[in-house]
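So the structure is just underneath, and the comments pick up after that.
The values are calculated or read from the model by the stated rules, or taken from the named source; none is laboratory data. In this text, all values refer to a predicted model and were calculated from it rather than measured experimentally. Positions of Cβ are backbone-derived with ideal geometry, glycine not excepted, and every protein chain shown enters the neighbour counts. Areas reflect the complete protein model, heavy atoms only, side chains present, ligands, DNA and RNA absent. Shrake-Rupley method; radii C 1.70, N 1.55, O 1.52, S 1.80 Å.
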Amino acid sequence: MAKKRIKRQSSKKKRIKRQSSKKKRIKRQSMKKRKEMTLKKLRSFGGVLYNQLNKGEFPWIEMPSRSTSNILYDDRLKQYILGKKHVKRSSRNIRHIRPVTQLVWTASFAYTLNKQGKTSTLRDIFYSAQAFDVPFKNQQESDNIITDLETVLGFAREDFNIFPEERSQIFGDLTIEYTVPGYEGNSLNLTTHPDGLAIGPALTTSDFKSTKANKIIVIEKGAMFTRLIEEKAFKKFKAILIHTAGQPPRSTRRIIRRLNKELGLPVYIFCDGDPWGMAIAITIICGSANAAHLKELATPEAKWMGLYSSDIQKYKLPSTKLKVIDIKRLRDMRKDPRYIAKPWKTQITHFLQNKRKCELEAFSRYGLDYVVKKYLPEKLNRL
Amino acid sequence: MSTKTTRGKGKVSNNEEYREISPADFFYRNRDLAGFSNPTRSLYSAIRELLENSLDACELYKILPNIHIRLSLEGDTEDVKDSYTYRIRIMDNGSGIPPEHIPSSFGQILFGSKYRLRQVRGTFGLGGKMAILYGQITTNTPATIISSVGNGKSYEFLIRIDILKNKPEVLNKKVHKNKIAWHGTIVDFLLDGNYVRAMPRVLEYLRQTALVNPYAEITFIDPSGRLYKFERVTFVMPEPPKETLPHPYGCDVELIRRIISASKCTDMLTFMSTHFHRIGKKTAQRFLTYAKIKKKTNPHKLNSSEIVHIVQMMKTYGDFLPPDASCLSPLGKDLLGAGIKKELNPEFIHVEQRKPSAYSGFPFIVEVGIAYGGDIPASSGIILYRFANKIPLIYDEASDISRKVINEGINWRYYKIAPNLPIAIISHICSTKVPYMTVGKEFIADRPEIEREIKAAIKTVARYMRIFLSRKNRIEHERKRIDLFARYLPKVAKFSTELAGKKKIPDIEPLLRSIRRYGKKED
Ligand SMILES: Nc1ncnc2c1ncn2[C@@H]1O[C@H](COP(=O)(O)OP(=O)(O)O)[C@@H](O)[C@H]1O
Ligand SMILES: [Mg+2]
């Protein structure tokens, strides 16, 4: 059922070879290629401005507008995208000269960063700019310029080695090969460390080599993540476990998408049974309005596994009453195009009728292995 | 002993002692009224009264003033005290005083030459003598006056004031030869005071005096021997004020009585057209018809109720011409402007003089200047320099009419004038009678007529300030704009060259030039 729905990439490059040991082998050096493409893009961006200057023009840039009116929900792609509206930034304009300069600087800084195989964080960028005398007023301004660069190039900032501070974790039978300098060619199995491994720049940029897993389970809460490791759920369900720690950072969303696309593994999202858990799931599946300018963060094939409002009743999980703010959120969700489809719509109605919510930790009520023995097998079976 | 309150009936045994006190005694007892309240303020007031007398003595005769003031410490100065003894000496090149009037001019309170109706600094015949009186009561020493009207002799008097009799006591008199025909006056005496504390106000007073008298040269040597010199920047002086007759709107019963007793006129028509400002034969006739008084009536035969009637009629008759301003001596746009430039050194200045106007029969003229930058510090409000009859008013600014107009009467936002700009307003009121609130001559009372003129003048100068500021802003904005391009465009060129992997940075000079040319057009 689940497997039936997952599209297998037919192109030779993206196909995952099956090995006799039932381990999937991935040939592709995808990350390195991607790096080269990023560098090329950055360089040609510089080239465009350079040519404008040589022609005696004030350098200018055109990019899709990210204003709310231009953020649309694409029903076919099942995610937010930017519409047709474009904005032009010309250094001829007194209000644009500074942002244009900052944008070119950010691009050239990212280029050097990538060339040297180094990474940086959003905060780092804010401070680095000062050394080049193109200071940002605050980090919000520098974050915004980085988003501009993403929009202009159509690449996420992680592609040019700029990462956020927050980290989430991954655990499971996946062998990766690093591409970061000093570790190139080194490979590692992600079951090595029982706490899981941080999804940082090194992991995000590594290539997937092989895996015995046949699914991904994405978990909102750290306690549940640890439980599933301890209870050997990853073995029982052949799953790679990912802990989002609340709303997943973009690099985590990228990893989920890559695991889904490159390895063809189905993704199941396991969150608290409340509107906020649903929001985490929908962000992984459809992306967010904030990142409408980027196409490679969403995983449309991912499935929301739970907790459903109906699960709370069915498994008699300890629950608490919905708060006013929860109800307001649920009402807003009814107007959100991302929640039109099946499980969402019915569950929203169910929540509003049942008026109860429940956290993942609530499973402990029935013993430490209840979730592994009872809930997960039943749920996975039904999806 | 039981004391009962009386109900207004029965005999009261009155034990009070009744006696008259002299004006000198009165002001001795109430010296704080005239600004002699403590050692700091008294020193300031003494310098100010003497300097104002000297300026009056020069200006009434259109003499370019040269005034020297010296203050030096006397006696022991070792201890730290509240007040010290100083010698003050002031010398001017004014008209001088005829010898027979010297003792009274400096030794008799309410004696003076300025009771006539014209614009002068002094008014009550009080200031100079209060300074001398204060010196006398604090140091118990006499004052020396040397003066000459510019003939062959100069006279030196050593005088004390007899407070109880309000009479000068001449202790010594000398006559000197004066071959060079020097004219002027020297006043020299001891007084107690505290210069260290008075210094800021004294210097501010001198600076502002120099501002409003740009044709004067004033030097001041302070007790430490430091010389302050306020230079003359123009040789032009305002026309001296002419004496004028009282205007009917400003008359009261007592004044009419006095005029009658001094008058030689025998009929009301000639009486009215002789003794009052702006009343000729025709106006006199119309007024008498209005007041129902016969032309032939002899003014000397008027009884009290008839005089009261005349005063009432004078107040209600609407057709008197307003007082003219020949008795005033304003500075004028140029001189006030020169003074402001000299002392404040501003980047921009505009001065307006209002047409003469009158309140209760007293003519007045308002002159207002506005200045930006230079030595004017930026402050949260607008800095105000107040002047009346060419003297600076330093104390009690908060109660002054000009301050009230600035703070409450003007919508500064309309004039694009924000707080923290280096802006000063200079207001000058000239009148035969400046409506001071106190004898101390420190602030002007609220008179609707004066308030209206000040407001109109400030609005006019504020309009010029707005024009200046918006021009300045435009230029400033333009400069910033060009700076911004000059700062960032080379960076765009550098970074994009690096990013594109090229060697030669494109020439951006033409682009920067085009910005500048565009900028000029905008201006
Ligand atoms: N420096 C001076 N030069 C000429 N006359 C003077 C001088 N100082 C004082 N007088 C005369 O003495 C008079 C009294 O002066 P003062 O007591 O200060 O009263 P006021 O200035 O109000 O008349 C003045 O009216 C003036 O005639
Ligand atoms: Mg005087």
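Yes or no, residue by residue, for (1) modelled with pLDDT under 90; (2) exposed (fewer than 14 other Cβ atoms within 10 Å of the Cβ); (3) over 21 Å from A:Leu265 (Cβ atoms):
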{"residue": "A:Phe171", "(1), (2), (3)": "no, no, no"}
{"residue": "A:Thr175", "(1), (2), (3)": "no, no, no"}
{"residue": "A:Val180", "(1), (2), (3)": "yes, no, yes"}
{"residue": "A:Glu184", "(1), (2), (3)": "yes, yes, yes"}
{"residue": "A:Ser187", "(1), (2), (3)": "no, yes, no"}
{"residue": "A:Thr205", "(1), (2), (3)": "yes, no, no"}
{"residue": "A:Thr211", "(1), (2), (3)": "no, no, no"}
Exercise for review: Select from segment A:111-127 the residues that are part of a helix (DSSP H, G or I) and within 15 Å of A:Asn144 (Cα to Cα) and write down the one among them that is nearest to the other protein chains (Cβ to nearest Cβ).
Suggested key: A:Ile125
Check your understanding: All but one of (1) within 19 Å of B:Phe235 (Cα to Cα); (2) open to solvent by 10 Å² or more (accessible area, probe 1.4 Å); (3) modelled with pLDDT of 95 or more hold for B:His350; which doesn't?
Key -> (1)
Practice item. Considering each of B:Ile97, B:Ile47, B:Ile88, B:Ile21 in turn, give the residue that is of a type in the set (Val, Ile, Thr), at pLDDT below 95 and either open to solvent by 60 Å² or more (accessible area, probe 1.4 Å) or more than 25 Å from B:Val236 (Cβ to Cβ) (or both). Key: B:Ile21
Review point. Residues in segment B:69-81: is at least one β-branched (Val, Ile, Thr), more than 16 Å from ligand 1 (Cβ to nearest atom) and in the same structural domain as B:Ser154 (by TED's automatic domain parsing)?
Key: yes
Review point. Considering segment B:216-268 alone, what residues qualify as being more than 30 Å from B:Tyr195 (Cβ to Cβ) and basic (Lys, Arg)?
Key: B:Lys242, B:Arg257, B:Arg258, B:Lys264
Review point. If a residue has to be over 22 Å from A:Asn381 (Cβ atoms) and either open to solvent by 10 Å² or more (accessible area, probe 1.4 Å) or touching a Gly at 6+ places or on another chain (Cβ under 6 Å) (or both) to count, how many in segment A:255-278 make the cut?
Key: 6
Practice item. Look through B:Leu227, B:Leu203, B:Leu190 and report the one residue that is in contact with a helix residue (DSSP H, G or I) (Cβ under 9 Å, 6 or more places away or on another chain), more than 30 Å from B:Gly318 (Cα to Cα) and modelled with pLDDT of 95 or more. Key: B:Leu190
Revision key, fill the gap. Expected single match for on the phi < 0 side of the Ramachandran plot, assigned to a strand (DSSP E or B) and within 15 Å of ligand 2 (Cβ to nearest atom) among B:Ile102, B:Ile67, B:Ile97 is B:Ile67
Check your understanding: Pairs, please: C-beta under 9 Å, at least 6 apart or cross-chain, first residue closer than 30 Å to A:Ile282 by Cα and in segment A:78-94, second open to solvent by 60 Å² or more (accessible area, probe 1.4 Å) and part of a strand (DSSP E or B)?
Key -> A:Tyr80/A:Leu72; A:Ile81/A:Leu72; A:Leu82/A:Leu72; A:Gly83/A:Leu72; A:His86/A:Glu62; A:Val87/A:Glu62
**Study point:** Of all residues making up segment B:188-218, the number that are within 16 Å of ligand 1 (Cβ to nearest atom) and either open to solvent by 10 Å² or more (accessible area, probe 1.4 Å) or free of Cβ contacts under 8 Å to residues at least 12 places away in the same chain (or both)
**Key:** 2
Check your understanding: Give me the pairs: first residue in segment B:349-373 and on the phi > 0 side of the Ramachandran plot, second residue at pLDDT 95 or above, beta-carbon distance under 7 Å, and six or more apart or on different chains, which are they?
Key -> B:Gly373/B:Pro346; B:Gly373/B:Glu347; B:Gly373/B:Phe348; B:Gly373/B:Pro422
Study note, to complete from the structure: Sole miss for B:Leu512 among (1) without any contact (Cβ under 8 Å) to a residue 40 or more places away in the chain; (2) open to solvent by 20 Å² or more (accessible area, probe 1.4 Å); (3) more than 10 Å from every other protein chain (Cβ to nearest Cβ) is condition (2)
Practice item. Quick one: count up the residues across segment A:365-383 that are in contact with a helix residue (DSSP H, G or I) (Cβ under 8 Å, 6 or more places away or on another chain) and open to solvent by 30 Å² or more (accessible area, probe 1.4 Å). Key: 5
Check your understanding: If you take the residues in segment A:83-97 that are more than 14 Å from chain B (Cβ to nearest Cβ) and open to solvent by 30 Å² or more (accessible area, probe 1.4 Å), which one is farthest from the chain's Cα centre (by Cα)?
Key -> A:Lys88
**Study point:** Condition check for B:Tyr28: under 22 Å from the mean Cα position of the chain (by Cα), aromatic (Phe, Trp, Tyr), part of a helix (DSSP H, G or I) and more than 8 Å from ligand 1 (Cβ to nearest atom)
**Key:** no
Check your understanding: When only residues in segment B:108-130 that are surrounded by fewer than 18 Cβ atoms within 10 Å (Cβ to Cβ) and more than 7 Å from ligand 1 (Cβ to nearest atom) count, which is farthest from the chain's Cα centre (by Cα)?
Key -> B:Leu110
Review point. So which residues in segment B:43-64 are more than 10 Å from ligand 1 (Cβ to nearest atom), more than 28 Å from B:Thr85 (Cβ to Cβ) and not in a loop (DSSP other than H, G, I, E, B)?
Key: B:Glu59
Point to revise | Filter result for B:Ala378 (open to solvent by 30 Å² or more (accessible area, probe 1.4 Å), over 30 Å from B:Arg121 (Cβ atoms) and within 27 Å of the chain's Cα centre (by Cα)) | key: yes
Exercise for review: List every residue pair whose Cβ atoms lie under 6 Å apart, where the two residues are 6 or more positions apart in sequence or sit on different chains, the first residue falls within segment B:104-122 and is outside the structural domain of B:Gly135 (by TED's automatic domain parsing), and the second residue, located anywhere, is open to solvent by less than 20 Å² (accessible area, probe 1.4 Å) and within 8 Å of ligand 1 (Cβ to nearest atom).
Suggested key: none
Point to revise | Residue identified as part of a helix (DSSP H, G or I), modelled with pLDDT of 95 or more and either within 16 Å of ligand 2 (Cβ to nearest atom) or out of contact with any Pro (no Cβ under 8 Å at 6 or more places or on another chain) (or both) among B:Ile146, B:Ile132 | key: B:Ile132
Review point. Looking at segment B:421-450, which of its residues are open to solvent by 10 Å² or more (accessible area, probe 1.4 Å), of a type outside the set (D, E, K, R) and over 15 Å from the mean Cα position of the chain (by Cα)?
Key: B:Leu421, B:Pro422, B:Pro448
Review point. Say we look at segment B:463-506 and pick out the residues that are more than 7 Å from chain A (Cβ to nearest Cβ) and outside any helix (DSSP H, G or I); which of these is most open to solvent (accessible area, probe 1.4 Å)?
Key: B:Lys503
Exercise for review: Inspect segment B:151-174 for any residue being within 16 Å of ligand 2 (Cβ to nearest atom), surrounded by fewer than 19 Cβ atoms within 10 Å (Cβ to Cβ) and assigned to a loop (DSSP other than H, G, I, E, B) and give the result as yes or no.
Suggested key: no
Exercise for review: Considering (1) loosely packed, with under 14 Cβ neighbours inside 10 Å; (2) at the interface with chain B (Cβ under 9 Å from one of its Cβ atoms), say which one A:Arg76 fails and leave the rest.
Suggested key: (2)
Check your understanding: Can you pull out the residues in segment A:57-69 that are within 9 Å of chain B (Cβ to nearest Cβ) and open to solvent by less than 50 Å² (accessible area, probe 1.4 Å)?
Key -> A:Phe58, A:Pro59
